[in-house]
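Peer 1: Quick one: structure below, then a few questions.
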Amino acid sequence: MKKTVLVTGGAGFIGGNFVYYMLGAHPDYDIVCVDSLTYAGNLSTLKKAKESARFAFEKADIRDRGTINGIFEKYRPNVVVNFAAESHVDRSIKNPEVFLTTNILGTQVLMDACIAYGAERFHQVSTDEVYGDLPLDRPDMFFTEKTPLKASSPYSASKASADLLVMAYHRTYGLNATISRCSNNYGPYQFPEKLIPLMFINAGEGKPLPVYGKGENVRDWLYVEDHCAAIDLILENGKNGEVYNVGGHNEMRNIDIVRLICKYTGASETLIKFVTDRKGHDLRYAIDPEKIKRELGWTPRTKFADGLKKTLDWYRENESWWKEIVSGEYKNYYAKMYGDKV
Ligand code: NAD
Ligand code: DAU
């Protein structure tokens with residue numbers, strides 16, 4: 001059936017991958033991407049999508065009510081998937097405010113537009129970080145959808161706030177809404193401020209590899225395409241008002257990821273530098289994905305070894321994509337964040 005899906009944040013990492021996923025999976029869907037192109041948004045990510053007659057791009061800020069309403073008026077989307085967010089924990093520690101305005105108020109503007117223009121579904125792309133963290137010495141503990149929200153950083157607090165607001169809109173105004181809370185994603189088009197691309201690029205350039213604390217913090221890694229497939233299934237068969245955790249039981253210590261990247265690039269492990277820890281650094285994330293498996297039949301397809309190789313191969317083959325980023329404003333960011341650490 002023909003549908004128009006409005007994807008916010010589609011010039012970013014996961015949103016960009018989702019645009020390609022949906023164009024491929026649903027030949028009868030039109031995709032409208034709304035993105036304000038912050039430092040993390042990149043039009044070159046959408047270069048191939050722009051060749052499709054079923055794709056449209058609108059540069060707009062989700063906080064700008066007038067412009068967002070105009071876009072809803074123009075396209076009348078059936079479904080809205082909200083990826084647009086400030087997404088980097090370290091930046092939220094230095095400058096929380098924009099996280100609150102975009103991640104919370106921007107979500108509100110989109111939901112108001114969904115109600116005003118009669119969208120059938122609003123899907124909020126959330127994160128496992130809303131649950132806080134788990135102890136390192138309790139491998140038996142996992143985040144379920146019933147785990148209380150307990151955010152640690154301004155970023156995760158802003159995402160948890162947005163989740164509460166989505167549920168409030170669902171109950172108060174009858175908004176048809178779903179939420180997914182996914183673990184750490186990796187794959188093509190991830191901005192180089194994040195662990196895997198940052199380490200790949202530094203390793204290739206023979207620069208220090210700044211590992212926070214002792215590198216023992218654990219993240220639960222999922223290949224981005226598996227996340228996109230999960231969201232697509234939730235849009236198709238997910239129940240109104242429900243939350244779905246998404247993760248593939250792939251827990252890894254940061255230091256082990258960095259060592260794998262050294263192995264792939266041939267860089268010496270002597271480049272690894274243990275630096276001052278992130279403030280409030282969450283120890284361990286681990287998702288229990290039983291609900292989405294049981295109710296929607298989702299399972300991750302990509303094994304970590306294969307996904308990591310595919311990802312690093314992509315960065316190796318797409319130097320121009322990331323070189324353009326790291327040669328610009330990113331240099332100042334890196335100096336500010338890491339200058340006194342490495
Ligand atoms: P990203 O930082 O790569 O991309 C965010 C995109 O949103 C960018 O294109 C940016 O330009 C756009 N954007 C930011 N503020 C905007 C605004 N005010 N108006 C319009 N567009 C705006 O982020 P990502 O890693 O792709 O994450 C996407 C979503 O998924 C976020 O909501 C994040 O919380 C969530 N998430 C991320 C992960 C992960 O591992 N990266 C895991 C779980 C959930
Ligand atoms: O769990 C989902 C979350 O995953 C998403 O909601 C966030 O948007 C996304 O950024 C990611 O958050 P993390 O903080 O886990 O990702 P990041 O890549 O920043 O860091 C991963 C781990 O690596 C974390 O424990 C901090 C550590 N790290 C990170 C960087 C950038 C380092 O040791 N050194 C670094 O330079």
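Peer 1: Of the conditions (1) modelled with pLDDT of 95 or more; (2) within 13 Å of ligand 2 (Cβ to nearest atom); (3) buried (at least 16 other Cβ atoms within 10 Å of the Cβ); (4) within 29 Å of Gly132 (Cβ to Cβ), Leu271 fails just one. Which one is it?
Peer 2: All conditions are met except number (4).
Peer 1: Checking the conditions here, which among Tyr75, Tyr39, Tyr29 is over 10 Å from Gly9 (Cα atoms) and within 16 Å of ligand 2 (Cβ to nearest atom)?
Peer 2: On the way: Tyr75 fails: within 16 Å of ligand 2 (Cβ to nearest atom); Tyr29 fails: within 16 Å of ligand 2 (Cβ to nearest atom).
From the options Tyr75, Tyr39, Tyr29, the qualifying one is Tyr39.
Peer 1: Considering only the range 1-20, state which residues are closer than 21 Å to Glu120 by Cα and within 13 Å of ligand 1 (Cβ to nearest atom).
Peer 2: Leu6, Val7, Thr8, Gly9, Gly10, Gly15, Phe18, Val19
Peer 1: Can you tell me which residue is nearest to ligand 2 (Cβ to nearest atom) among those in the range 81-124 that are open to solvent by 10 Å² or more (accessible area, probe 1.4 Å) and touching a strand residue (DSSP E or B) at 6+ places or on another chain (Cβ under 7 Å)?
Peer 2: Phe83
Peer 1: Follow-up question, since we're still on this one. If you take the residues of the range 187-211 that are touching a strand residue (DSSP E or B) at 6+ places or on another chain (Cβ under 7 Å) and within 17 Å of Thr302 (Cβ to Cβ), which of them is nearest to ligand 2 (Cβ to nearest atom)?
Peer 2: Out of the qualifying residues, it is Ile196.
Peer 1: Right, something else. In the range 212-234, which residue that is open to solvent by 10 Å² or more (accessible area, probe 1.4 Å) and more than 18 Å from Asn185 (Cβ to Cβ) is nearest to ligand 2 (Cβ to nearest atom)?
Peer 2: Looking at the filtered set, the residue picked out is Tyr212.
Peer 1: Now, a different point. Spot the failing condition for Thr8; the list is (1) within 16 Å of ligand 2 (Cβ to nearest atom); (2) more than 20 Å from Ala230 (Cα to Cα), and only one is missed.
Peer 2: Looking at each condition in turn, Thr8 falls short on (2).
Peer 1: Pick out, from the range 98-214, the strands (runs of 3 or more DSSP E) lying fully within it that include 1 or more residues that are closer than 27 Å to Cys262 by Cβ and more than 12 Å from ligand 1 (Cβ to nearest atom).
Peer 2: 209-212
Peer 1: Step by step: first the residues of the range 125-137, then only those that are over 23 Å from the mean Cα position of the chain (by Cα) and in contact (Cβ under 8 Å) with a residue 12 or more places away in the chain, then the one that is surrounded by the most Cβ atoms within 10 Å (Cβ to Cβ). Which residue is that?
Peer 2: The extreme case among them is Leu136.
Peer 1: Another question about this same structure. Which of the residues that make up the range 63-89 are touching a residue at least 60 places away in the same chain (Cβ under 8 Å) and within 12 Å of ligand 1 (Cβ to nearest atom)?
Peer 2: Ile71, Val81, Asn82, Phe83, Ala84, Ala85, Glu86, Ser87, His88, Val89
Peer 1: I would also like to ask the following. Is it true that some residue in the range 150-162 is basic (Lys, Arg), within 30 Å of Asn69 (Cβ to Cβ) and surrounded by fewer than 24 Cβ atoms within 10 Å (Cβ to Cβ)?
Peer 2: Within the range 150-162 (the criterion being basic (Lys, Arg), within 30 Å of Asn69 (Cβ to Cβ) and surrounded by fewer than 24 Cβ atoms within 10 Å (Cβ to Cβ)), the answer is no, since none of the residues qualifies.
Peer 1: Next up: Using the structure shown, decide if Ala49 is farther than 15 Å from Val125 by Cα, out of contact with any Asp or Glu (no Cβ under 7 Å at 6 or more places or on another chain), open to solvent by less than 50 Å² (accessible area, probe 1.4 Å) and within 16 Å of ligand 2 (Cβ to nearest atom).
Peer 2: No; evaluated as a whole, the condition is false for this residue.
Peer 1: What are the residue pairs meeting all of these: first residue in the range 274-288, first residue assigned to a strand (DSSP E or B), second residue polar (S, T, N, Q) and within 9 Å of ligand 2 (Cβ to nearest atom), Cβ atoms under 7 Å, and 6 or more apart or on different chains?
Peer 2: Arg284/Asn217; Ile287/Ser183
Peer 1: Mind checking which pairs have a first residue in the range 187-200 that is open to solvent by less than 10 Å² (accessible area, probe 1.4 Å) and a second that is assigned to a loop (DSSP other than H, G, I, E, B) and more than 8 Å from ligand 2 (Cβ to nearest atom), Cβ under 6 Å, 6 or more apart or different chains?
Peer 2: Within 6 Å, the pairs are Pro197/Gln190; Leu198/Pro192.
The values are calculated or read from the model by the stated rules, or taken from the named source; none is laboratory data. Here the structure is a predicted model, which is why all the values come from computation and not from measurement. Methodologically, a virtual Cβ is constructed for each residue, glycine included, from the backbone with ideal geometry; neighbour enumeration extends over all protein chains shown. Side chains are part of the model used for accessible areas, which takes the heavy atoms of the whole protein and leaves out ligands, DNA and RNA. Shrake-Rupley method; radii C 1.70, N 1.55, O 1.52, S 1.80 Å.
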